[in-house]
1. With an 8 Å cut-off on Cα pairs and a minimum separation of 6 or more residues, tell me the relative contact order of the stretch A:106-174 in percent.
2. Comparing B:187, B:135, B:46, which has the greatest mean-square fluctuation in the GNM of chain B with Cα pairs linked when under 10 Å apart?
3. Of all beta bridges DSSP finds with both residues in the protein assembly as shown, what is the antiparallel percent, to the nearest 5?
4. Looking at the stretch B:137-279 only, what percent of DSSP beta bridges run antiparallel? Nearest 5 please.
5. For the stretch A:106-174, count all C-alpha to C-alpha pairs, find those more than 13 Å apart, and express that count as a whole percent of the total.
6. Using a 7 Å offset from the Cα along the Cα-to-Cβ direction at both residue B:84 and residue A:315, what is the distance between the two label points in nm, to one decimal?
7. Taking only Cα atoms and a 10 Å spring cutoff, compute GNM fluctuations for chain A and point out the largest among A:245, A:134, A:14.
8. Note the angle between two axes, namely the Cα long axis of helix A:129-142 and the longest principal axis of the Cα atoms of chain A, as a number of degrees from 0 to 90, rounded to the nearest 10.
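FYI, it's all coordinate maths here, none of it is from the lab. Predicted, not measured: the structure shown is a model, and the values here were computed from it. Cβ placement follows ideal geometry from the backbone for every residue including glycine, while neighbour counts extend to all protein chains displayed.
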């Protein structure tokens, strides 16, 4: 990869939540360098900490949560040090904005679509009402709302789910942010609408040149959107690399398991690959590799000592003892070997997912 | 996979069913239009469509929650839609069970798991004595991979996947003939989905069950279903055996759904474009469409003009499939 500018750099982030009288450690020493213009996908199950981690970039942790260690450098500002809403002004919503999962709950049901976009523009830019309205309408047209000017005064309930998510994207992009965090933006939508929204985000990214963090639990979506991928489990990134490295040459057993359990790879009449057990409780101190109890290939050391990141290539790192030179060599599961050839067959002529030009 | 459908026993038959809802006093909204299909004993029949397509409405009609405004539904050859006797109503409740999407919302949060699972037994007095009931509950829990000591717990003490297992146990304990599973894995985590799908397949084999599996995701359905019906805006547009539908999809909406399934391969997925299917309503000018058989056991909603295009497409696909062998 060519030299790239780091736009945001998170170092050793730890996040704790106070729940009744206990502390829950949701994020355990996670670091991430985000490059300008890329799409970085964070993939993991619910409770893995993928949303919590990115909420620290906009200071939107729930009130019982706190960043207890680490730094997040963004343009010479350490975001961890920002406390009040006033500190965040000019960053949250302006330079870093977020698109959430459910477009119904992120829009105000009793205000018109237009006024909600204008509100954001006026808050962050010093321009007249008329100019703000013009900007809002052009933004609505840009995200694919037909007859934008006519629909300016309509309410969210008059929009379909896909249209609402387009509006949320318009609001998030109305101040030309440098970083757009998409937190499961298509999970609540239908598959065909999902494809349209993903395409919209990609097109806008090309046009406006922002950096995207894409949070999802769906590896199919990751394959479509991402340049680089980080896999999260139990509050940590356990493997990261370019999207090709993660899909064609995964190293962590959890990444293997996630890929193998995809129904797209299932064979009828045979059991689907599945992961036993449930994710670890984050109330307890986790000793060793957090995935060890569910990992059929777990080594003795996995239960005793936390693995460091092992280097696979300049861009690819994985946190598993399997990469230690002393570890027994282990092949990834059969289902995900030669993945590209398999999918090529499935999507090629005569394959089950072959789609021709219409 | 050539099964002769004539020799198989039909368990549920949906015949020209319309389901409509009132909008205000005068207007009506037709959620399902002229749906017809048979489900055979022992198969998994999937109903696939997007939200608002009427798939859930149709599933609920089969357990008499939504009344049909036209057509009829037969269960084991007897009509169960419209007015039926109380005895027959109980027969339907007993023999057709449902598994819901969100296990947290479908379990009574103030009742223990033991009660949740036993409720059907109580209602139908399906046990000799207390001992027998407890034995049945233990067996049901064991079947779905839970432990007898879980009985005294409450739903909130379980994870999502475990709760869905309770939902399945609750349906299974009635020893139903047909299970309607309405998006049973959509609310679950990726790693749990595979467990629940495997469990449903295992129970089906062991207990000779029939499933009506309602889903929006073709990739899941391919793995679990024997036959698939694709429904779009209340209208069934294509029905075929699972393998056949994936090999020879002809209706443009089916193709659009196929193209929207994200494949776990970055090189391929970045080139794949999804096809948008926009036609909302039947063109009133066009000649009327109906379900027509295009291959053995493979039906598509079409008129004469459509058939020409569909058959041409089919020829092309048959050629590709022959080359691929």
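1. Value for the stretch A:106-174: 46 percent.
2. Fluctuation is largest for B:135.
3. Numbers: 60 of 97 bridges.
The antiparallel proportion sits near 60 percent.
4. Values: 6 of 11 bridges.
Roughly 55 percent of the DSSP beta bridges within the stretch B:137-279 come out antiparallel.
5. Values: 1334 of 2346 pairs.
That fraction is 57 percent.
6. Once both label points are built, they end up 6.0 nm from each other.
7. A:134
8. 40 degrees
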